[in-house]
Amino acid sequence: DNLSDGIIVLDNQDRIIDINPCVQMMLPNINKHSIGTALAAVLPDQPSMIEFVIKGSPGFFEFETIENQKTVFYLATLTSLLDRRKKRVGKIISLHDNTQTKHLLDQLEDLATRDSLTGAYNRRSFNQQAQQVITDLQNNRKPFTMIMLDLDQFKNINDTYGHEAGDILLTAVTEICMKLLRQADILSRYGGEEFIILLPGINLSVAMTIAERLRAGIE
């Protein structure tokens, strides 16, 4: 009862036979009135969790819920409940709030894939994504276009006003491009003042219009 992780004990028919107080805060649908009820009937909104429990193999699984309009991530462990003769008489589900760890992992992934200054994808990440997207487009016989963008006289900006001014310029250019591009387009800072953009499903004539719109916006 004093554990900070949620605990659900099931019998061999996956009916709830015991819970601890913490799980009632994690999953409001579960309470003392749930005792004796099948887990699937109590948590119909968690099909992935129910499927994992029905399979019955011990292990880990993740699921998420919405609490106070925020997404909460849980890491759940399924273990067998054994009697003294090592015969399985039920299952134990332990739930750990994994939200903070999930957010930290997302931040680390962002650091690994994004340019730290501009927030655009870095070159390595762009190459990986572009290769997959282009392969899919070619398999479906759909067009794509690449735009290479280079800032004129960028060295003069750094030499005249300092590198901080250059950083502000690079960030501003990225923000302008992101506003003018679709969500499906992939923008990357490819070099010092070089950017590359992949436009999935866009042919050359349309891409020329997009490129001119970007140029005018940056100007």
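The values are calculated or read from the model by the stated rules, or taken from the named source; none is laboratory data. Quantities reported herein were computed from a predicted structural model and do not represent experimental measurements. In this analysis, Cβ positions are derived from the backbone assuming ideal geometry, glycine residues included, and neighbour counts consider all displayed protein chains. Quick note on the areas: whole protein, heavy atoms, side chains included, nothing else; ligands and nucleic acids left out. Shrake-Rupley method; radii C 1.70, N 1.55, O 1.52, S 1.80 Å.
Working from label points 7 Å from Cα in the Cα-to-Cβ sense, the Leu204 to Gln183 distance is 3.1 nm.
For the chain, the residue among Ile35, Ala76, Thr171 whose Cα projects farthest onto the positive side of the dipole built from Cβ charges is Ile35. Placing +1 on each Lys and Arg Cβ and -1 on each Asp and Glu Cβ, with no other charges, gives the chain a dipole about its Cα centre of roughly 1100 debye.
Surface analysis of segment 109-219 yields an accessible area of 63 Å² per residue, using protein heavy atoms and a 1.4 Å probe. For Thr71, the shell of other residues with beta-carbons less than 14 Å away shows a net charge of -4, using +1 for Lys and Arg and -1 for Asp and Glu.
Heavy-atom accessible area with a 1.4 Å probe sorts Lys70, Lys142, largest first, into Lys70, Lys142. Near Lys155, which lysines are there with a Cα under 29 Å away, not counting those fewer than 8 places off in the same chain? Of all the lysines, those that pass the test against Lys155 - Cα under 29 Å, at least 8 places apart if same chain - are Lys179.
If you take all other residues with their beta carbon under 15 Å from the beta carbon of Asn127, and give Lys and Arg +1 and Asp and Glu -1, the sum is +2.
Between the entries (1) 1.20; (2) 1.06; (3) 0.98, the label attached to Rg/Rh (Cα atoms, Kirkwood Rh) calculated for this structure is (1).
Centre-to-centre separation between the Cα atoms of segment 150-171 and those of segment 112-140: 25 Å. Taking each residue as 0.36 nm, the span from Ala216 to Asp159 lengthens on full extension beyond its C-alpha to C-alpha distance by 18.1 nm. Remind me, relative contact order of segment 158-219 in percent, using alpha carbon pairs under 8 angstrom and six or more residues apart? Reported relative contact order: 28 percent. Length gained on full extension, Arg114 to Gln128: 3.8 nm, using 0.36 nm per residue less the C-alpha separation. Student exercise: in segment 21-88, how many lysine pairs 8 or more apart or on different chains have Cα atoms under 26 Å apart? Lysine pairs meeting the criterion: 4. Think of the chain as having a plus end and a minus end, set by charges on the Cβ of Lys, Arg, Asp and Glu; of Leu95, Thr209, Asn12, Asn12 sits farthest toward the positive end of this dipole.
Computed with a 1.4 Å probe over protein heavy atoms only, the accessible area of Glu193 comes to about 60 Å².
When all C-alpha to C-alpha distances in segment 1-106 are sorted into bins of 10 Å, what percent of pairs does each bin hold, rounded to whole numbers? P(r) for segment 1-106, in whole percents per bin: 15, 49, 30, 6, 1.
Within the accessible surface of the chain, defined with a 1.4 Å probe on protein heavy atoms only, the carbon and sulfur portion equals 52 percent. Helical content alone sets the calculated 222 nm signal of the chain at -13000 deg cm²/dmol, taking -39,500 (n - 2.57) per DSSP H segment of four or more residues and averaging over every residue.
For segment 52-62, the Karplus equation 6.51 cos²θ - 1.76 cosθ + 1.60, evaluated at θ = phi - 60°, returns couplings of 5, 5, 4, 4, x, 7, x, x, 10, 8, 10 Hz by residue, with Gly and Pro reported as x.
Using the Cβ-Cβ distance between Ile92 and Glu62 with R0 = 22 Å, the FRET efficiency computed as 1/(1 + (r/R0)^6) comes to roughly 0.80.
Zone of Arg141 (label point 7 Å along Cα→Cβ, backbone N under 20 Å): which residues in segment 191-207? What the label zone holds, given the 20 Å backbone N cut-off, is 200-205. Extension gain, Thr99-Asp83: 0.36 nm per intervening residue step, less the Cα-Cα distance, totals 2.4 nm.
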